[in-house]
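Report on one structure; see the data block that follows.
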Amino acid sequence: CSRWEEEKKEDGVKWMQLEHRGPYFVPLYEPLPEDVRFFYDGKPLKLSLATEEIATFYAKMLDHEYTTKEIFQNNFFQDWRKEMTLEEQEIIKDLDKCDFTEIHKYFVDKNEARKALPKEEKQKLKEEADKIQEEYGYCTLDGHREKIGNFKTEPPGLFRGRGEHPKMGMLKKRIMPEDVIINCSRDSKIPEPPEGHKWKEVRFDNTVTWLASWVENIQNTPKYIMLNPSSKLKGEKDWQKYEVARRLKDVVHKIRAQYRADWKSKEIKKRQRAVALYFIDKLALRAGNEKEEGETADTVGCCSLRLEHIQLHPELDGQKHVVEFDFLGKDSIRYYNKVSVEKPVFMNLQLFMKNKDPSDGLFDKLSTHFLNKHLQRLMDGLTAKVFRTYNASITLQEQLKALTNPDDNVAGKLLSYNRANRAVAVLCNHQRSIPKTFAKSMQVLQEKIDAKKKQVEEAREELKKAEDEFEETKDAKAEENVEKKKKLLKRLKDQLASLNIQATDREENKKIALGTSKLNYLDPRISVAWCKKFGIPIEKIYNKTQREKFAWAIDMAGEDFEF
């Protein structure tokens, strides 16, 4: 049997045996050379080791937009002062008087030097990294050697966060063995902590899949060392996720009928639940959990929408009952959309907005907990998130059916695939800022296209010459030459077409992030089946890491797979 189909364990038990080396701790701080100085108020100032280390975190980020933000500067300065000696606190009272430029330059130069190393040196560094990976990057789980995802602790530094995070610039402390809980099996060789240290705790908990855990000091959230996505455990979890979404396919019409009926419910709470569910289903919005204020950036999802995030238009651009959404979603990515909704949804929204302030909740009677409990009753394992997976996967499958032309060449088919993937990314609002290198790489591509056009023109003239010659001589060799020139012209034309397709693809893709949906929302079996059906090599769709993560799907799906 393949390793995806070994015997199942009893409920809640994730493994019988687990052995590993524990986390790899990032190297300790190396002091700056004597000639690299920090200046305060124009004068050099020798810093104590701990203070200097934190100064380097800020110095490294000088050319980053973060260090221009006031919140970042204030948080950094506050945290930095806490770590200073009393003498330093007496002197260093104003960030504007701090001059980090020499330190910044030192790290820029160091980086450049590392890039410019000769090949042998680079190879040596790579071998050292591989050795660490070999030693710490694998564990033994139920007799299988499995790869670990993130086996190194995060280095200390300044917290960045996404969007306008209120805690940006705060000090992320160094993780010590004393912070770390180890999880392994009783009979295994328990990992040794680094010399002179001890673990916070050693556990033998086989109902969880993590190998080590600690609490990070900024958000006070637990961090885990987990298995790599390519491992059996993660693969099974991934597979189950898509199986739940496939089960939704069989009941989704019932659920839709139910929430439409609930639009007329006597209870306002049920109406709110029904409208929120309509948005989650139709627009693939995230559920939007309750959050602690001031702990994270002000981002919302469906259940946490406020009045200020939507506007109602009885008519707009020739459409009726239009809802205009404008809010910051997960990772502070803006969601902006104008959607024509069904009349009862529109009427309900008007009702929910009556006598409320802009900062009041739109669905004030609704919590994600209440919504998910209802979904669980409708189908085992159903949560709001499953709708996103389901709608993403079904969209990909339908778009592939609609867009793929069996007669296209590989480049043409791949453009159709990327267009289907883009439809999903747009549905899920997966955006990216236009890459810095976009203009340059488009220009390079355009130059290639122009050069290829010239070659096509030249080949056309060559073919004409050859045909004229054959007209005159009717000679077998001349005829062969005509065929040769025809073939060359066709080949160059195909190459030009393929370059043009690439340009279209890149242009359409500049503001859209395809990776998120590809890795997290799309059942990989849909893509594998499509590749097998149209004879497209899988590596054109999935890179090496993705092929490892989706090994279970590549094993499992034939060309007839239907989501």
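The values are calculated or read from the model by the stated rules, or taken from the named source; none is laboratory data. Please read these numbers as outputs of a predicted model, since none were measured by experiment. Cβ placement follows ideal geometry from the backbone for every residue including glycine, while neighbour counts extend to all protein chains displayed. When the accessible area is computed, the model is the full protein with side chains, heavy atoms only, and any ligands, DNA or RNA have been set aside. Shrake-Rupley method; radii C 1.70, N 1.55, O 1.52, S 1.80 Å.
Computed over the stretch 38-120, the P(r) curve from all C-alpha pair distances, binned at 5 Å from the origin, holds 3, 13, 23, 24, 17, 9, 5, 3, 2, 0 percent per bin. Which percent of the accessible heavy-atom area of the chain goes to carbon and sulfur, probe 1.4 angstrom? Answer for the chain is 50 percent, counting heavy atoms of protein chains only. Taking amide hydrogens as placed 1.01 Å from N in the peptide plane, the amide H of TYR521 sits under 5 Å from that of no residue at least 5 positions away in sequence or on another chain.
Protein-only accessible surface at a 1.4 angstrom probe places the residues HIS321, HIS165 in the order HIS321, HIS165, largest first. Dividing the alpha-carbon radius of gyration of the stretch 391-482 by the rule-of-thumb value 2.2 N^0.38 Å gives 1.80. Set against the 2.2 N^0.38 Å expectation for a compact globular protein, the stretch 449-506 has a Cα radius of gyration ratio of 1.36.
Within the chain, all pairs of alpha-carbon atoms sorted by distance into 20 Å bins from zero give the percentages 15, 40, 34, 9, 1.
Taking a straight line from the alpha carbon of LYS487, these aspartates and glutamates sit under 13 Å away, with near neighbours fewer than eight places off in the same chain left out: GLU462, GLU479. Pairs of Lys residues in the stretch 1-121, spaced 8 or more positions apart or belonging to different chains, with C-alpha separations under 12 angstrom: 4 in total. Relative protection proxy for 450-462, 336-348, from highest mean packing down: 336-348, 450-462 (other beta-carbon atoms within 10 angstrom). Taken per residue, the accessible surface of the stretch 38-120 reaches 62 Å², heavy atoms only and a 1.4 Å probe. Taking a threshold of 32 Å on the Cα-Cα distance, which of the pairs LYS147/LYS518; LYS131/LYS532; LYS249/LYS320; LYS343/LYS385 fall above it? Listed pairs above 32 Å: LYS131/LYS532. Going by the alpha-carbon gyration tensor, a ≥ b ≥ c the square roots of its eigenvalues, is the stretch 378-439 rounded (a/c under 1.5) or, if a/c is not under 1.5, prolate (a/b greater than b/c) versus oblate? In terms of gyration-tensor shape, oblate. Are any of the pairs LYS291/LYS510; LYS330/LYS510; LYS282/LYS413; LYS152/LYS237 more than 30 Å apart by Cα-Cα distance, and if so, which? Violating the 30 Å Cα-Cα cut-off are LYS291/LYS510. For the stretch 392-556, the fraction of C-alpha pairs more than 23 angstrom apart is 53%.
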